[in-house]
Structures are given as C-alpha cells and as structure tokens.
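Working notes, beginning with the structure itself.
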Amino acid sequence: LVRDPLVTMCNGNESVLMGIALQVCHAACNGELYSRPFIESFEETPMLLAVLTYMSYGILTIFGYLRDFMREWKIEKCHTAREREEQKDFVPLYQDFENFYTRNIYMRIRDSWNRPICSVPGATFDLVECSSNDYNWTFEYTGRVVKDVINLGSYNYLGFAENTGACATAAGEVTVKFGVGVASTRQEMGNLDRHEELEKLAASFLGVESAMVFGMGFATNSMNIPALVGKGCLILSDELNHASLVLGARLSSSTIRVFKHNNMQSLEKLLRDAIVHGQPRTHRPWKKILILMEGIYSMEGSIIRLPEVIALKKKYKAYLYLDEAHSIGALGLNGRGVVEYFGLDPKDVDVMMGTFTKSFSAAGGYVGGRKDLIDYLRTHSHSAIYATTMSLPVVEQILTSMKCIMGKDGTTIGLSRIQRLAENTVYFRRRLQEMGFIIYGNNDSPVVPMMLYMPAKLGAFGREMLKRNIGVVGVGFPATPIIESRARFCISAAHTKEMLDRALDVISEVGDLLHLKYSRHKVLPSLDRPFDETTYEENEE
Amino acid sequence: MALGDAWKQLSWFYYQYVLVTALYMLEPWERTIFNSLLITVAAMAVYTCYVFMPQHIMAILHYFEVVQ
C-alpha cells in the first residue's frame with residue numbers, strides 16, 4: 001500500500017513557507033462543499049525504514065523456520081497447537097503464513113497485548129502485572145498491581161467509563177429493579193419500554209425519523225447489511241473497512257467492489273462503471289448500489305469526505321451506509337457525529353449506523369434512517385429475530401449518557417466534555433507532530449495512529465511505556481499492512497491537560513530512546529493568529 | 001566520566017542495532033548465533049581486505065601509470 005507524500009485533501013491555495021509546502025485550506029475553498037478546512041495527511045514511508053523493516057522481518061522469518069525445524073524434529077518442546085499423529089496425512093492446518101506469523105513473531109512480543117486490568121478503564125486504570133519465564137508461552141501473576149496507569153488505549157472518547165456518577169447510579173437502580181438479563185430476542189419477549197424510549201431518544205439525537213438498537217455492535221453490521229441488500233445488488237466498500245462491514249457484505253451475497261481509501265475519484269469511477277455496464281454478464285441495471293463507509297477509520301484516523309460522497313450519491317442515485325462507530329459523540333459541535341461535523345443534513349445519509357461502545361461507554365449498536373426502512377429492519381433483521389436484546393443496565397447507561405450529551409439532564413457536562421475532547425485532540429496531535437513523529441490522519445480525529453514500522457520497536461514501545469506507567473495499544477500485522485505497524489492513541493475527554501503533558505513527555509523520551517522520530521516534514525510551531533505577510537520574520541529561525 | 005559516557009553511548013548504539021535487526025525479540029541463544037555469524041562474515045571481509053588490498057592498490061596505480 002503505497003501512500004502519497006504529504007498531501008492535504010482539499011483544493012485550497014498552496015502557500016510556500018520557506019521552501020516547505022504547506023497546503024492550507026481556507027474556509028471559503030471548494031465552493032459550497034466544505035465549510036471548514038479538511039487537513040489530513042499520510043506521510044510516505046521513508047525508503048530506508050521500509051528496507052530495514054523488511055530486513056528485520058526477513059531475520060525473524062529465518063529464525064522462525066529454524067525454530068519450526070527444531071519443533072518438528074523434537075529438539076525443542078512444542079507449545080503450540082499441532083495436529084495429532086493420526087491426522088498427519090490430512091490437509092495441514094497450521095502451515096499458512098498467519099499461523100507461522102503467530103507462532104514465531106507474535107508470540108515473542110505477546111506480553112504487550114491481553115494485559116489484564118482490574119479497575120474501571122477511565123482516564124487511568126490499574127494493571128495486574130504478569131511475567132513470563134518461558135518467553136511468553138505462559139504467564140504468571142507476580143502479585144503486584146500497577147496503579148494509575150494513564151489510559152491511552154480505551155475508546156473512552158467522552159469519558160463516560162466511570163463507576164460513579166449519574167450513569168452508574170441509573171444502571172444500578174435498574175439492575176435492582178429489573179435484573180440483568182432479558183432472556184429473549186427482540187421479536188419475542190425482549191421488547192421493553194426502555195428499549196422503545198432509547199430508540200426514540202437515539203432517533204432525536206441523530207436527527208432521523210426512526211432508529212433501532214441491537215445488543216452487539218459487530219452484529220449490527222454483519223446482521224443488517226444482509227437484510228438490506230441481496231443478490232443483484234452492488235456494494236461499493238472502502239478498502240479499509242472494518243471486519244464487521246466486510247462480513248456483512250459477504251454474507252449478503254451481493255457483488256462487492258472495493259475502492260481506494262477515501263478516494264473520491266476511485267469511487268466515482270466505480271459508480272460510473274456500475275451504471276454504464278450494469279451487472280456482469282447480463283448487463284441488466286443493478287437493483288441497488290450501496291456505498292459502505294465509516295465516519296472515522298480507526299486504524300488511520302482519517303475522516304470520511306462526507307460532502308463529496310453525498311454529492312456523488314445524489315448524482316448517481318446510490319445509497320450510503322455510514323458506520324459511525326468511532327465518530328458518534330466524538331465529532332461535531334454537539335457530538336452528533338460526522339454529519340454535524342460537516343454541517344450536512346442527516347436525511348441525506350440513507351442508513352446511519354453506529355455503536356454505543358465508544359463514546360457512550362456501553363455496548364451495542366444502532367441503525368437510524370427513515371421510518372419505513374427501520375420498520376422493515378424490525379421484521380427482517382437477523383439480529384432482531386435471533387439475537388438477545390440489549391440488557392437493561394446497558395440501556396440505562398446509554399440513556400443517561402445520551403441525555404447528558406444532549407443537555408437534557410439540565411447540566412452542561414456533556415457539552416463541556418465534547419469541547420474538552422476537541423481541545424485535547426488538537427493539542428495532542430499538534431504536540432506529537434511538532435516532536436517529529438509520523439502521525440496519520442485528520443487533525444480533528446481523536447484516534448491518533450503513530451507509526452512505528454519495525455516489529456521489535458512495536459514490542460519495545462509497549463514495554464517501555466508500561467515501565468513508565470502509560471498504557472498504549474500497539475497494532476501489527478493482520479490489522480495493518482505488514483511494514484506499517486503503529487501505536488494507536490485514543491484521546492479522551494477524561495484526560496486532563498497534566499495527564500496529556502506527562503504522556504507527551506514520556507512519549508518523547510521513549511521516542512528518543514527507540515529512535516522513533518522519523519518525520520521529515522518539519523512542521524512549524526503553530527501560530528496563534530492567522531498567517532499573513534508580517535509573520536515571515538518570526539519564522540526565520 | 002568520559003568512559004562512562006562512552007559506554008552509555010555504545011550501549012545505546014547496541015540497543016538500536018538490536019531493535020533494527022529484530023534481535024530484540026529473539027532469545028539469547030538466537031542472538032548469539034546471529035552475532036557470531038555476523039562477526040564471522042565481517043572478520044572474513046576484513047581479512048580479505050587486509051590480504052588483497054596491497055595487490056589491488058598496486059594494480060590500480062599500475063593501470064593509471066603512476067608507478068611502473
């Protein structure tokens with residue numbers, strides 16, 4: 001996956017500042033489509049780094065083959081799963097690259113993942129320390145609990161993951177009154193009045209006619225896309241869509257075509273081809289064309305170009321399915337998501353889907369849209385027929401947090417959290433870019449991926465940060481391309497500025513220790529006022 | 001202490017080498033194998049240079065007719 005060099009995706013004016021091209025989008029650019037600057041950058045992988053990363057994977061592969069040979073010839077004890085003696089002549093199960101990678105590369109740095117925590121994952125958490133004597137094949141508890149580890153990994157965007165406060169009290173009360181389990185599916189006995197109230201509230205929150213909630217976010221996507229599209233329909237899905245969207249698209253047995261990530265030219269070309277040529281052999285027109293995209297892509301931190309997608313959708317008469325898992329609650333002036341962020345009309349998006357896991361700190365997902373669409377889904381969705389409904393404490397948590405965000409509980413806590421999240425995001429991203437790390441994504445997205453590239457640095461980064469009491473999430477091969485491993489920070493409204501400063505100092509220290517400051521585009525420290533001719537002199541150094 | 005600083009700098013360089021070649025993730029005996037192989041190959045290269053460099057330099061100078 002080759003990226004373009006530092007590009008800002010807006011047709012703004014280019015102002016060359018001391019030889020460094022800095023494309024800034026002014027507010028009035030591109031006519032009516034974008035009402036605010038859209039600054040997104042994916043810096044190109046430096047060539048030397050790519051070569052060294054491939055070399056390190058090569059060395060790991062050679063040693064992986066050596067260890068596999070030793071395990072095969074019983075020189076070394078085998079800890080992994082293997083076939084039984086009787087099955088040796090069957091089709092091999094564990095020989096593909098994924099299993100090789102898991103056995104020989106992932107296992108060596110496995111202690112940075114699946115770390116058990118023992119407190120509520122708010123702005124800080126407590127970690128149960130584990131150690132391994134046989135190089136991460138087995139772990140034992142040391143008995144120590146690491147307290148107050150700063151949490152840069154939880155999807156706690158608005159800080160509602162707390163065990164005190166209105167949400168927790170409400171959830172506790174309803175548990176005492178109704179119990180925890182619902183013990184039925186939605187269509188049988190599982191439809192309580194709290195669910196209907198939640199759906200009305202969700203619909204008014206999103207600005208749509210009607211909404212429906214489901215118990216699991218992944219199942220919302222994978223079970224509802226097959227209900228909406230079927231054979232003879234076309235799905236245009238983004239390259240980097242989440243596994244739930246891909247699974248739902250495959251289960252629906254429609255034709256799937258993939259366009260380049262967030263690339264409107266690629267999408268338009270596919271739309272034109274679809275309309276001109278129709279279905280593959282018969283050339284009949286497609287029954288439906290559905291565009292699957294996400295609001296914020298969590299591995300890249302990029303935001304969908306929603307105004308352009310909606311313009312394309314209207315021009316070519318396609319439908320848009322927007323998955324706002326990470327962007328609901330996190331973007332927009334009132335937290336209403338990416339539609340409000342761009343100032344667009346929610347009625348333009350045909351199917352608005354989202355999850356309650358991230359900003360509302362609950363579980364489950366929703367689908368919102370026109371009333372006839374949601375009524376159809378109530379009868380035809382697999383999730384409504386077969387899956388248990390959302391349990392009541394979770395419904396209470398969502399109701400309370402949503403009312404807090406909307407301001408309906410009479411306080412301004414929700415609004416202040418949204419503003420604090422936006423400030424934290426902008427500050428954190430700016431400071432990281434000034435330090436010289438390669439950061440992907442849009443300046444406004446609270447998901448901040450920082451590139452590490454090498455597998456050893458991925459393991460070392462997790463360990464060194466934990467030694468300094470900061471918990472981060474590293475992401476490697478199956479979720480990202482093989483040389484582009486990264487550490488993904490999730491900013492929260494619960495983080496105070498002191499916490500962020502401490503985290504940034506530690507990240508800078510670890511970045512110097514591991515030599516992670518790869519960026520070659522030296523970003524100038526930001527100005528407090530808009531750029532004009534008189535500011536040239538200040539930037540001479 | 002200048003020696004202490006030099007030792008710290010050297011150990012930071014060794015740490016970078018271990019990170020970049022992914023030896024950081026390998027067990028100590030695997031690191032020993034890799035380092036031995038690397039040092040063997042490097043030693044052979046240095047030895048070959050030492051043995052053959054005079055002949056090569058004389059050949060170059062002879063070609064450019066600097067020395068007969």
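The values are calculated or read from the model by the stated rules, or taken from the named source; none is laboratory data. In this text the structure is predicted, and so the values were computed from the model without any measurement. Counting neighbours? That spans all protein chains shown, and the Cβs are built from the backbone with ideal geometry, glycine included.
Can A:Leu240 be described as at pLDDT 95 or above and in the same structural domain as A:Met390 (by the TED database)?
Details: at pLDDT 95 or above: no; in the same structural domain as A:Met390 (by the TED database): yes.
Answer is no for this residue.
Filtering B:Ala22, B:Ala42 for residues that are touching a Phe, Trp or Tyr at 6+ places or on another chain (Cβ under 9 Å), among the small types (Gly, Ala, Ser) and surrounded by 10 or more Cβ atoms within 10 Å (Cβ to Cβ) leaves a single hit, B:Ala22. Scanning the range A:37-67 for residues that are among the hydroxyl-bearing types (Ser, Thr, Tyr) and farther than 13 Å from A:Tyr518 by Cα, we see that the one that is nearest to the other protein chains (Cβ to nearest Cβ) is A:Ser56.
Pairs meeting the criteria (first residue in the range B:11-25 and within 7 Å of chain A (Cβ to nearest Cβ), second residue of a type in the set (Ser, Thr, Tyr), beta carbons under 7 Å, at least 6 apart or on different chains) are B:Val20/A:Ser56; B:Thr21/A:Ser56; B:Ala22/A:Ser56.
Right, A:Arg370: more than 14 Å from every other protein chain (Cβ to nearest Cβ), of a type in the set (Lys, Arg) and touching a helix residue (DSSP H, G or I) at 6+ places or on another chain (Cβ under 6 Å) or not? Don't jump to the end; show me each part of the working.
Values: more than 14 Å from every other protein chain (Cβ to nearest Cβ): yes; of a type in the set (Lys, Arg): yes; touching a helix residue (DSSP H, G or I) at 6+ places or on another chain (Cβ under 6 Å): no.
Spelling it out, it is not the case that A:Arg370 is more than 14 Å from every other protein chain (Cβ to nearest Cβ), of a type in the set (Lys, Arg) and touching a helix residue (DSSP H, G or I) at 6+ places or on another chain (Cβ under 6 Å).
The residue that is surrounded by the fewest Cβ atoms within 10 Å (Cβ to Cβ), counting only those in the range A:463-490 that are in contact (Cβ under 8 Å) with a residue 60 or more places away in the chain and within 12 Å of chain B (Cβ to nearest Cβ), is A:Arg463. Scanning the range A:387-405 for any residue that is in the same structural domain as A:Lys200 (by the TED database), under 24 Å from A:Pro307 (Cα atoms), surrounded by fewer than 19 Cβ atoms within 10 Å (Cβ to Cβ) and not hydroxyl-bearing (Ser, Thr, Tyr) turns up nothing. The single condition among (1) away from every other protein chain (no Cβ under 14 Å); (2) over 20 Å from A:Ala123 (Cα atoms) that A:Leu500 does not satisfy is (2). The strands (runs of 3 or more DSSP E) located wholly in the range A:225-339 that include 1 or more residues which are touching a residue at least 40 places away in the same chain (Cβ under 8 Å) occupy A:234-238, A:289-294, A:319-323. Every listed requirement among (1) at pLDDT 90 or above; (2) within 14 Å of chain B (Cβ to nearest Cβ) is met by A:Lys77 save one, (1). Sub-8 Å Cβ pairs linking a first residue in the range A:120-144 that is within 14 Å of another protein chain (Cβ to nearest Cβ) to a second residue that is surrounded by 15 or more Cβ atoms within 10 Å (Cβ to Cβ) and of a type in the set (D, E, K, R), at least 6 apart or interchain, are A:Ser132/A:Asp111; A:Tyr135/A:Arg108; A:Asn136/A:Arg108; A:Asn136/A:Arg110; A:Asn136/A:Asp111, ordered by first then second residue. Applying the condition of being over 15 Å from A:Asp323 (Cβ atoms), out of contact with any Ser or Thr (no Cβ under 6 Å at 6 or more places or on another chain) and of a type in the set (Gly, Ala, Ser) to the range A:203-229 and asking which residue is surrounded by the most Cβ atoms within 10 Å (Cβ to Cβ) yields A:Ser210.
Residues considered: A:Thr61, A:Thr45, A:Thr53. Of these, the only one that is modelled with pLDDT of 90 or more, within 27 Å of the chain's Cα centre (by Cα) and surrounded by 15 or more Cβ atoms within 10 Å (Cβ to Cβ) is A:Thr53. Within the range A:389-444, the residues that satisfy the criterion of being within 30 Å of A:Gln187 (Cβ to Cβ) and polar (S, T, N, Q) are A:Thr389, A:Ser391, A:Gln397, A:Thr400, A:Ser401.
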